[in-house]
Structures are given as C-alpha cells and as structure tokens.
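Right, one structure below, let's go through it.
The values are calculated or read from the model by the stated rules, or taken from the named source; none is laboratory data. Values in this document were obtained by computation on a predicted structure and should not be read as measured data. In this analysis, Cβ positions are derived from the backbone assuming ideal geometry, glycine residues included, and neighbour counts consider all displayed protein chains.
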C-alpha cells in the first residue's frame, strides 16, 4: 500500500466520526455547494464564514498555552526551560504538519481530509485537557500543533471552490478568520482559565472543534480534489514537489520571504508585549494583557478590503500600502510605556497591515499553480512559521538586552526590510 493510500484511509476513518456516511443523505447544504462549484459560481454565502470560523478556531489551539505558561509551570512543577518547551513542541508540530499534512489537500478529497483532521484535532485537545503529567501534555500539544494545520487546507479549499474573479475575496474572508483566531486565542484562554481552570481551555476547544467538524461535513462538497491526475502521484513525490515548486517559481520565493519578514514583525509585538504590560507602570493581569488581542483583531477588516483590491488587479498596490502601514505602526507602539491607547492604535495598524499583505500573498501564490494550491500554501506557511519563531526569539532577546525600545527597533527593522524587498522585486 502506498503511503498516500494509508494516510487517506486513516483520515477517511476519522472523518466518519464527524458526520454521516456516504450515501446517507447529507442535506441541501452539500448539494448547494457542489452545484455552485461545478457551475463556476461562488459557494453558498454561509460556507465561507463557516470556514473562517473553523480556521480561526483551529489555529487558535496553537496559541492557547502562551497565557497559561505560569499556571502550567506551577501545576506540573516545571522549570523555566521546560516552560519554553510547551510552546516549542506545539510550534514544531505545526511546522511538521505544514510539510506533511497540508500537501494532502492536492491528493485527497477536501471534505474527507478537513473533517478527518478536525476529528483527530478534537481527540488531541481532549488528551491535552486530560493530561495527567508533563510527558502526556507535551505529546498531546505536539499533536495539536500537527493537526492545527487543517486551517491551511481550508484556505486552499476556499480558493478551489471560488472562481478566479472572486478568489481574493474568498481567501480574504478565510484568512481573516485565521489571524483573528491567533489574536483572540490568548484572551479566550486567559478568560477561560480564570473562570474554570486551564483544563477547561482545551476541553472547551475540543467541543467547539467537534461541532465545526460536523457542520463542515454537512456543507463542504465531496470530490473537490483540484486535479484528478494528482491522485496518481505518490505521497512522497507530492511532499518533495513542494520544495520543487518554490525552486521553480520566483514569485513563490519572493512572497514567502515577505511572509517571513511580515510575521517576524507581527510576532515581535505579540510575543514581547506581555513583559512591559505586566511590569511597571501598568502591572496588568494575564487576562487584561490577552484582551489586547481584541484591539488587534479590529484589523481583521483588512482581509476583506485586501481581497477586493486583489480581485480588481491591485495586488502590488495593496502590498505596498500594507507594508508602509506596517512600518508606521511601530511609531505609536514605541510609546507603550506612556500610553496604552498608543499601543492599541499601533496594534490595529499592524494587524491591518499584516492581514492585507497575507491575503495578497496567498491570492497571488495560489494563482501560480491552482492544481497545487495546498502544496504551495503549505510551503508558504513554512516561511510564516519561521518568521513567527524568529520574531518571538528576537523579541525576547531584545527585551532582555535593552527593554521595550530594542523590541520596537527590531519590529521596525523587520518591517522596513519587507518594504525594501517589495520595492526591489515588485516589477519581477
């Protein structure tokens, strides 16, 4: 049996847990979606918001642990080094999933793959919420990170189900869910932990994920693999081809590099913000710090705007405006020690800019090879993950060295580097 067949069979078995079996009558939702896709029309209006919600919920699970680190350290008697391991294993699992699971979107049926991964993510979240010890917790969180990449498979599915003339808008809607999920994850986790303990965070997420799997089982159309000929390719060759695609197409490398720098700036702010806010003069609680994600989430409107601009052929203008705003956002952010309003304004500008560039990137790269959309988005998100890790590490070192001014300078440097890269390569 080929590896792809084995993986497909496992995902197929898991997906049976998330909805009715084939031939049992899935209701009008799936029929409408399938008819719309086959006719070249946009999918039903309720599907894209549902995919956005599922994307945000899935990717949020990667970030739940961040506001819980102190509590987890006390519960499991962890040293500071092992506290870092809680975040690291989740991110490592996510990186592995980008390279090994997301390419399956070009090989397997989207509905089977998405609902199957959501069912498995539900089990991983249950395992994390019920973990009796640190080894079980780390193992469960590694699986959470691995399976949370289903969000990227859903982005590719949204692009595949939408005609080119409206694809930017569709990608914008779904991507807006992802970035909003990242920002709200910390606030939601802090609030739930304060109300019912840290285990409630993962157990509640498991319940939400299971419900979303059932809904997507109903409304996603079956047999939406982008190209039938891809099914003949072995799983190993499919994964290797992700690297080949980026080596062959300069646009993929340029947009990947922009993603690395943009999300390095994004992570520099959101990974380092807790330290100045928890210290003098603000001394905010974990819940209050997490609530700043609500301010950043206001920038989610950029996703829809960027999608519409892309559909009008204004991708380069959208990128340039977004990167300029990203650089300017660090001016009010630098005033964090004097004004929380300045930080909130800077966070809105930064997240508006990040979403605009991110949506534009994904719309452009998917158009390079629509039949390889999942592999391309998976490879692109490796740059995203690398940038996020670089920003988190750099923010920690900068704050330890010279405080918040150094963090602001680092974020500005990443932002200006992205703007210069765009200016140097926009004609290419």
Practice task
State whether the residues of segment 390-397 include one that is under 16 Å from residue 322 (Cβ atoms) and either surrounded by fewer than 24 Cβ atoms within 10 Å (Cβ to Cβ) or modelled with pLDDT of 85 or more (or both).
Solution key: no
Practice task
For segment 344-361, name all the residues that are surrounded by fewer than 24 Cβ atoms within 10 Å (Cβ to Cβ) and farther than 22 Å from residue 309 by Cβ.
Solution key: 344, 345
Problem - Selection from segment 275-327 of residues that are farther than 18 Å from residue 354 by Cβ, modelled with pLDDT under 75 and assigned to a helix (DSSP H, G or I) - result: 286, 287, 289, 290
Practice task
For segment 334-347, indicate whether the set of residues that are touching a helix residue (DSSP H, G or I) at 6+ places or on another chain (Cβ under 9 Å), modelled with pLDDT of 90 or more and under 16 Å from residue 258 (Cα atoms) is non-empty.
Solution key: no
Exercise for the section: Only one of these is in a helix (DSSP H, G or I), crowded, with 24+ Cβ neighbours inside 10 Å and more than 18 Å from the chain's Cα centre (by Cα): 136, 128, 151, 157. Name it. Expected result: 128
Handout entry: Single residue of 197, 145, 181 found to be at pLDDT 85 or above and on the phi > 0 side of the Ramachandran plot
Key = 197
Exercise for the section: Go through segment 367-381 and give me each residue that's crowded, with 20+ Cβ neighbours inside 10 Å and modelled with pLDDT of 85 or more. Expected result: 375, 376, 377, 378, 379, 380, 381
Practice task
Examine segment 8-28 for a residue that is at pLDDT 85 or above, in a helix (DSSP H, G or I) and in contact with a helix residue (DSSP H, G or I) (Cβ under 6 Å, 6 or more places away or on another chain), and state whether such a residue exists.
Solution key: no
Handout entry: Search result, residues across segment 139-148 that are in contact with a helix residue (DSSP H, G or I) (Cβ under 6 Å, 6 or more places away or on another chain) and either surrounded by fewer than 19 Cβ atoms within 10 Å (Cβ to Cβ) or over 30 Å from residue 318 (Cα atoms) (or both)
Key = 140, 141, 142, 143, 144, 145, 146, 147
Practice task
Return yes when residue 189 is more than 23 Å from residue 109 (Cα to Cα) and either within 19 Å of the chain's Cα centre (by Cα) or free of Cβ contacts under 8 Å to residues at least 40 places away in the same chain (or both) and no when it is not.
Solution key: yes
Problem - Those residues of segment 184-193 which are crowded, with 24+ Cβ neighbours inside 10 Å and more than 18 Å from residue 50 (Cα to Cα), in sequence order - result: 186, 189, 190
Handout entry: Out of 165, 170, sole residue that is in contact (Cβ under 8 Å) with a residue 40 or more places away in the chain, surrounded by fewer than 24 Cβ atoms within 10 Å (Cβ to Cβ) and either touching a strand residue (DSSP E or B) at 6+ places or on another chain (Cβ under 8 Å) or part of a helix (DSSP H, G or I) (or both)
Key = 165
Problem - Subset of segment 413-422 [touching a residue at least 40 places away in the same chain (Cβ under 8 Å) and more than 23 Å from the chain's Cα centre (by Cα)] - result: 416, 421
Exercise for the section: Considering every residue within segment 110-122, establish whether at least one is assigned to a helix (DSSP H, G or I), over 16 Å from residue 154 (Cα atoms) and touching a helix residue (DSSP H, G or I) at 6+ places or on another chain (Cβ under 6 Å). Expected result: yes
